[in-house]
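The values are calculated or read from the model by the stated rules, or taken from the named source; none is laboratory data. Since this is a predicted model, take the numbers as computed values, not measurements. No Cβ is skipped: glycine too gets one built from the backbone with ideal geometry, and neighbour counts run over all protein chains shown. Calculation scope for accessible area: heavy atoms of the full protein, side chains included, ligands and nucleic acids excluded. Shrake-Rupley method; radii C 1.70, N 1.55, O 1.52, S 1.80 Å.
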Amino acid sequence: MMRKIICLSTILATALLVSCMGTGKYSTMGGEVTGISGTAINEPAPYGMVLVERGSIKIGEAEADSLWGITTPVKDISVDAFWMDETEVSNAKYRQFVYWVRDSIIRERLADPAYGGDETFKITEDEYGEPVTPYLNWSKPIPWKKPTEDEQRAIESVYIINPITGDKMLDASQMNYRYEVYDYTQAALRKHRLNPEERNRNTDVPTDYAEVIISKDTAYIDDEGRIVNETVTRPLSSPYDFLNTYIINIYPDTTCWVNDFPNSNNELYLNLYFSHPNYSEYPVVGVSWEQANAFCAWRTDYLLRGMRGQAKYIQRYRLPSEAEWEYAARGKEGGKFPWESGDTKSDKGCYYANYKPGEGNYTKDGNLITSKCGIYSANSNGLYDMAGNVAEWTSTMYTEAGILQMSDINPDLQYRAAKEDPYSIKKKTVRGGSWKDPVRFIQGATRAYEYQNESRSYIGFRCVRSYSGVSRK
């Protein structure tokens with residue numbers, strides 16, 4: 001019996017040795033380290049986006065503009081590859097966001113006992129019958145046709161009746177989107193390590209066990225139904241201290257058409273620009289920097305839901321940094337305009353962009369206000385309307401020094417100002433110029449700014465997504 005046990009032990013030991021020296025991808029090749037690798041993936045192009053290959057550019061203008069006398073900080077920078085929307089986000093795409101928020105509110109209410117309590121509009125168990133955190137059941141359609149009395153009340157609850165005209169309209173005040181963003185950058189800083197002994201590598205300095213104070217953004221709805229976004233400061237205690245929460249009313253400010261142009265008859269755009277099908281493919285405007293960020297968060301979540309967990313390496317949608325925007329706009333040639341010519345129109349007199357060609361003459365280029373997205377030719381990166389049409393939000397905080405304050409690799413300077421911060425540090429960089437701007441402001445290097453909570457009839461945005469594949473350059 002002892003002999004059998006010894007033989008069995010020998011067999012097991014031999015099998016283990018053979019398995020360790022196998023020829024699979026974990027093979028040690030007789031003791032040599034060969035590495036562990038996966039299968040390289042060519043990331044498919046996201047819908048409506050083009051790949052801007054990595055590269056470098058001298059950002060800014062070397063000389064001050066002789067007419068306007070504006071100087072722009074100049075610096076050689078390099079950026080990694082990223083996906084970028086071919087065109088600005090359109091009314092149709094932003095309207096999808098608004099309707100998604102509307103439908104999520106309706107589904108919440110259809111599941112609420114106060115509106116009949118149809119529990120099938122929420123999923124509370126997994127496929128094995130185990131309880132899960134309740135979430136909306138998007139596979140169950142809203143009963144738009146022939147709803148019951150309770151269902152009708154739930155649907156009608158997101159609409160209001162104009163007391164003057166009697167028109168039924170979406171209640172914009174209810175279109176609130178809540179989202180969370182984990183700040184990987186702040187969490188990665190050595191000074192924010194949960195273990196104090198990891199915060200300083202200088203072994204000559206005693207470990208400092210003092211509390212680390214962090215700031216994080218949080219949000220809630222108060223008893224009066226108002227959105228409260230605030231920044232709290234507290235001692236660092238867990239990774240959740242880097243999870244920021246926001247609640248944003250995402251309905252565009254359609255009144256911007258009136259407020260931006262006093263003593264003008266822009267009632268048509270006020271009433272129809274965002275909602276009418278004729279303007280569906282025009283760029284969305286009246287969207288603040290905060291709302292644009294909310295759209296990026298929703299677009300990311302919408303993608304991940306659609307991929308059903310098969311998105312391990314997919315990067316989130318976001319606003320482009322100021323450097324990314326200029327690098328993409330100036331094309332492979334790096335010219336001052338997105339097109340090769342130094343002029344704004346062809347030899348045949350056709351304009352290359354939608355801007356304000358003359359003093360008070362907005363229609364000289366064929367448009368009065370915005371134009372449909374993508375009707376002018378794309379630049380060499382395959383991007384449309386990188387000059388004119390609408391100016392575009394970037395992720396970058398605006399400072400006079402601009403790029404000089406940033407790294408020369410993937411430069412950016414981000415700061416989401418809290419409500420109590422001075423208004424002067426709530427400036428965000430805006431690029432590209434718009435339909436209402438003269439030629440100086442549609443040049444690729446020209447910098448401008450707007451406050452993060454402001455919305456204008458001439459500012460829109462487009463999204464980018466970091467490229468997780470292998471760049472071809």
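One table, with the values for the structure above:
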quantity	calculated
Total residues in segment 256-279, condition open to solvent by less than 60 Å² (accessible area, probe 1.4 Å) and within 21 Å of residue 393 (Cβ to Cβ)	8
First in segment 291-305 and among the hydroxyl-bearing types (Ser, Thr, Tyr), second anywhere and crowded, with 20+ Cβ neighbours inside 10 Å, Cβ under 6 Å, 6 or more apart	300/317
Search result, residues across segment 113-143 that are within 22 Å of residue 250 (Cβ to Cβ) and open to solvent by 60 Å² or more (accessible area, probe 1.4 Å)	135, 138
Meets criteria (assigned to a helix (DSSP H, G or I), open to solvent by less than 60 Å² (accessible area, probe 1.4 Å) and in contact with a Phe, Trp or Tyr (Cβ under 8 Å, 6 or more places away or on another chain)) for residue 102	no
Any hit, segment 223-240, residues being within 19 Å of residue 293 (Cβ to Cβ), in contact (Cβ under 8 Å) with a residue 40 or more places away in the chain, loosely packed, with under 14 Cβ neighbours inside 10 Å and not aliphatic (A, V, I, L, M)	yes
Close pairs from segment 124-135: first assigned to a loop (DSSP other than H, G, I, E, B), partner modelled with pLDDT of 90 or more, Cβ under 6 Å, at least 6 apart	126/132
Some residue of segment 382-403 being outside any loop (DSSP other than H, G, I, E, B), at pLDDT below 95 and either out of contact with any Cys (no Cβ under 6 Å at 6 or more places or on another chain) or under 26 Å from residue 219 (Cα atoms) (or both)	yes
Filter result (among the β-branched types (Val, Ile, Thr) and outside any loop (DSSP other than H, G, I, E, B)) within segment 439-473	439, 442, 459, 464
Identity of the residue in segment 316-336, open to solvent by 10 Å² or more (accessible area, probe 1.4 Å) and of a type in the set (Phe, Trp, Tyr), that ends up farthest from residue 81 (Cα to Cα)	317
Test set (1) modelled with pLDDT under 95; (2) in contact with a Cys (Cβ under 8 Å, 6 or more places away or on another chain); (3) open to solvent by less than 20 Å² (accessible area, probe 1.4 Å) - residue 88 fails condition number	(1)
Members of segment 146-180 that are among the charged types (D, E, K, R), surrounded by 12 or more Cβ atoms within 10 Å (Cβ to Cβ) and farther than 30 Å from residue 244 by Cβ	150, 151, 153, 156
Subset of segment 430-450 [open to solvent by 20 Å² or more (accessible area, probe 1.4 Å) and small (Gly, Ala, Ser)]	448
Candidates 155, 142, 160, filtered to the one that is β-branched (Val, Ile, Thr), part of a strand (DSSP E or B) and within 20 Å of residue 114 (Cβ to Cβ)	160
Residue within segment 225-247 that is of a type in the set (Lys, Arg) and more than 21 Å from the chain's Cα centre (by Cα) present	yes
Some residue of segment 201-215 being modelled with pLDDT under 95 and either touching a Phe, Trp or Tyr at 6+ places or on another chain (Cβ under 7 Å) or at positive phi (or both)	no
All positions within segment 418-438 that are of a type outside the set (Phe, Trp, Tyr), in a loop (DSSP other than H, G, I, E, B) and touching a Ser or Thr at 6+ places or on another chain (Cβ under 7 Å)	418, 433
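Matching residues to (1) under 33 Å from the mean Cα position of the chain (by Cα); (2) under 27 Å from residue 291 (Cβ atoms); (3) not charged (D, E, K, R):
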position	(1), (2), (3)
118	no, no, no
131	yes, no, yes
139	yes, no, yes
155	yes, yes, yes
182	yes, yes, yes
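Table: residues versus (1) open to solvent by less than 20 Å² (accessible area, probe 1.4 Å); (2) without any contact (Cβ under 8 Å) to a residue 60 or more places away in the chain; (3) acidic (Asp, Glu).
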site: 342; (1), (2), (3): no, yes, no
site: 357; (1), (2), (3): no, no, no
site: 361; (1), (2), (3): no, yes, no
site: 370; (1), (2), (3): yes, no, no
site: 398; (1), (2), (3): no, yes, no
site: 420; (1), (2), (3): no, no, yes
